[in-house]
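Down below is the structure, laid out as structure tokens.
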Amino acid sequence: MMNLRNDIRNIAIIAHVDHGKTTLVDELLKQSGMFRENEQVAERAMDSNDIERERGITILAKNTALAYKDTRINILDTPGHADFGGEVERIMKMVDGVILVVDAYEGTMPQTRFVLKKALEQDLKPLVVVNKIDKDTARPEAVIDEVLELFIELDANDEQLEFPVAYASAINGTASLEMDQQDENMESIFEMVIDHVPAPVDNSSEPLQFQVALLDYNDYVGRIGIGRVFRGEMRVGDQVSLIKTDGTIKNFRVTKMFGYFGLNRVEIDYAKAGDLIALSGMEDINVGETVTPVDTPEALPILHIDEPTLQMT
Ligand code: GDP
């Protein structure tokens, strides 16, 4: 029988710009109760573009970790713009589900199509959140029709076409599975994630495979590879092999690992199949590469990269 990590869900959040992704994630974060409100929101405001610009790197994806009841929900933010197609695709490979946010008045827009196409191509089953339901101009019924139409145009399969829908006002922190009412909180969205997003497979007894989807850098630890443990487990101090995209292998020791807590990155010493983590100790690490055991190296399929290489300073 297949073991599952029921304690975890990995999702990406996708939307056309301004449809409310950031507001929704901030509100889910506040309501998850794991974090103090003011602290978190202030940090997001601060940690966005300024710091990245200063460092000369573009990290468009942000990992936010929430706790809902006994489940950790990792949410990867995605850039909506077509220039970052490769990055969106790589993020889709790290997760088991997506939340598609659509403005209840604007309906589907070019970036909605672009990101939804990427999700459907990866066989993910999107959950739809019709946001800004509080607006006088909201027209949720028509917007849902548009969303369905878009799924059909993009060749969604039967399972994908049965997407669950929540109606929300991210700004008010309310949501519901019903179109004509709002609950006082966003429980329905948390429940939708738990019910509809598959839990990762727990194959942690098999040999390690960790794949790097994104890069980061900081002055203390140097280069950081962010990605998913697809198989096995990893500990700080482990001697591991990095399989480069050209097939060459370099050995290194894992010196630091990070998990996510709210919007913060926190040091951890152990991770296993299903976890989204960041890893340092290898200055040569690059997107798409696989970390595996030294004695049984086995690479994951190479990831697609089509944007300019990240500039590390
Ligand atoms: P993002 O670009 O998808 O991250 O969108 P933001 O979360 O930054 O939201 C874009 C704008 O829409 C901001 O001015 C928000 O305050 C506003 N907004 C977000 N959610 C709602 C909502 O539920 N109702 C209303 N009326 N405005 C919202």
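Quick one: length gained pulling Glu283 to Glu298 fully straight, 0.36 nm per residue minus the C-alpha distance?
Extending this stretch completely gives an extra 3.3 nm.
Taking the Cα centre of the chain as the origin, how large is its charge dipole in debye, to the nearest 20, when only Lys and Arg (+1) and Asp and Glu (-1) carry charge on their Cβ atoms? Present the calculation step by step, with values, prior to reporting the outcome.
Numbers: 30 positive and 56 negative charges, 221 e Å.
For the chain, the charge dipole is close to 1060 debye.
Using the Cα centre of the stretch 155-288 as the reference point, and only Cβ charges (+1 on K/R, -1 on D/E), how large is the resulting charge dipole? Debye, rounded to the nearest 20. Write down the numbers at each step before the final one.
Values: 10 positive and 23 negative charges, 237 e Å.
In total the dipole reaches around 1140 debye.
Can you pull the one-decimal nm distance between simple spin-label points at Thr255 and Lys69, each 7 Å off the Cα toward Cβ?
Going by the 7 Å Cα→Cβ label model, 4.2 nm.
Would you tally the net charge around Tyr105, using a Cβ to Cβ cut-off of less than 10 Å, leaving Tyr105 out, and scoring K and R as +1, D and E as -1?
Values: positive: Lys132, Lys135, Arg139; negative: Asp103, Glu106, Asp136.
Around Tyr105, the charge tally is 0.
Quick check on the stretch 69-122: take the gyration tensor over C-alpha atoms, sort the square-rooted eigenvalues as a ≥ b ≥ c, and tell me if it's rounded (a/c under 1.5), prolate or oblate. Intermediate results must be reported in sequence, preceding the final value.
Working: a/c = 2.23, a/b = 1.26, b/c = 1.78.
Note, shape of the stretch 69-122 comes out oblate.
May I ask you to work out the translational diffusion coefficient for the stretch 52-191 at 4 °C, viscosity 1.567 mPa s, via Stokes-Einstein with Rh from the Kirkwood sum over Cα pairs, reported in whole µm²/s?
On the way: Rh = 16.0 Å.
Diffusion coefficient, whole number: 81 µm²/s.
Using 0.36 nm times the number of residues separating Asp195 and Asp83, minus their current alpha carbon distance, what extension gain do you get? Could you put the intermediate results ahead of the total?
On the way: separation 112, 0.36 × 112 = 40.32 nm, distance 3.29 nm.
Between Asp195 and Asp83, full extension yields an extra 37.0 nm.
Nearest 10 degrees, 0 to 90: what angle lies between the long axis of helix 85-94 and the longest principal axis of the chain (Cα atoms)?
80
Can you count the Lys pairs in the stretch 83-187 with C-alpha separation below 20 Å, eight or more apart or on different chains?
Numbers: Lys93/Lys117; Lys93/Lys118; Lys93/Lys125; Lys117/Lys125.
Step by step, the pairs that qualify in the stretch 83-187 add up to 4.
When the Kirkwood hydrodynamic radius is evaluated over all pairs of different C-alpha atoms of the chain, what value in angstrom, to one decimal, is obtained? The partial results should precede the final answer.
Details: mean 1/r = 0.0502 Å⁻¹.
Value: 19.9 Å, from the Cα pair sum.
Which whole-Hz couplings ³J(HN,Hα) result when phi for each residue of the stretch 5-22 is put into the Karplus expression 6.51 cos²θ - 1.76 cosθ + 1.60, θ = phi - 60°, listed in order with x for Gly and Pro?
8, 6, 7, 8, 9, 10, 10, 10, 10, 10, 5, 6, 4, 6, 7, x, 4, 4
Hey, what angle do you get for helix 110-121 against the long axis of the chain, alpha-carbon based, 0 to 90 degrees rounded to 10?
60
Relative to the compact-globule scaling 2.2 N^0.38 Å, provide the ratio for the alpha-carbon radius of gyration of the stretch 133-207. List each step's numbers first, then the result.
Details: Rg = 16.0 Å, N = 75, 2.2 N^0.38 = 11.3 Å.
My calculation over the Cα atoms of the stretch 133-207 gives 1.41.
So how far apart, in nm, are the two label points at Thr245 and Met1 if each is 7 Å from Cα heading toward Cβ?
For the pair Thr245/Met1, the computed spacing is 4.2 nm.
Which loop-located GluC sites (Glu not before Pro) does the stretch 176-216 contain, where loop means any DSSP state but H, G, I, E or B and the Cβ has at most 14 other Cβ atoms within 10 Å? Don't skip to the answer; put the middle values down first.
Numbers: sites: Glu178, Glu184, Glu187, Glu191; in loops: Glu178, Glu184.
Those that pass, being in a loop and sparsely packed, are Glu178, Glu184.
Per residue of the chain, what 222 nm ellipticity follows from adding -39500 (n - 2.57) for every DSSP H run with n ≥ 4, rounded to the nearest 500? Numbers along the way, then the final one.
Numbers: 8 runs with 79 residues, N = 313.
Counting only the DSSP helices, I get -7500 deg cm²/dmol.
How much length would be gained if the chain were fully extended between Asp158 and Arg139, taking 0.36 nm per residue of separation minus their Cα-Cα distance, in nm to one decimal? Please report the intermediate quantities before stating the final value.
Working: separation 19, 0.36 × 19 = 6.84 nm, distance 2.55 nm.
The Asp158-Arg139 span can extend by a further 4.3 nm.
Using the alpha-carbon atoms, what tilt in degrees (0 to 90, nearest 10) does helix 37-47 show relative to the longest principal axis of the chain?
Helix 37-47 sits roughly 60 degrees off the main axis of the chain.
Ordering Thr22, Thr108 from largest to smallest accessible area (1.4 angstrom probe), what's the sequence? Don't skip to the end; give the middle numbers.
Values: Thr22 70, Thr108 35 Å².
Output order, biggest surface exposure first: Thr22, Thr108.
For the stretch 129-137, take each phi angle, set θ = phi - 60°, evaluate the Karplus expression 6.51 cos²θ - 1.76 cosθ + 1.60, and give the result in whole Hz per residue in order, putting x for glycine and proline.
Running phi through 6.51 cos²θ - 1.76 cosθ + 1.60 with θ = phi - 60° gives 10, 8, 9, 6, 5, 6, 6, 4, 8 Hz.
The values are calculated or read from the model by the stated rules, or taken from the named source; none is laboratory data. The shown structure was predicted, so the numbers you read here are calculated from the model rather than taken from an experiment. Cβ atoms come from the backbone with ideal geometry, glycine included; neighbour counts cover every protein chain shown. Heads up: the accessible areas ignore ligands, DNA and RNA and are worked out on the full protein's heavy atoms, side chains in. Shrake-Rupley method; radii C 1.70, N 1.55, O 1.52, S 1.80 Å.
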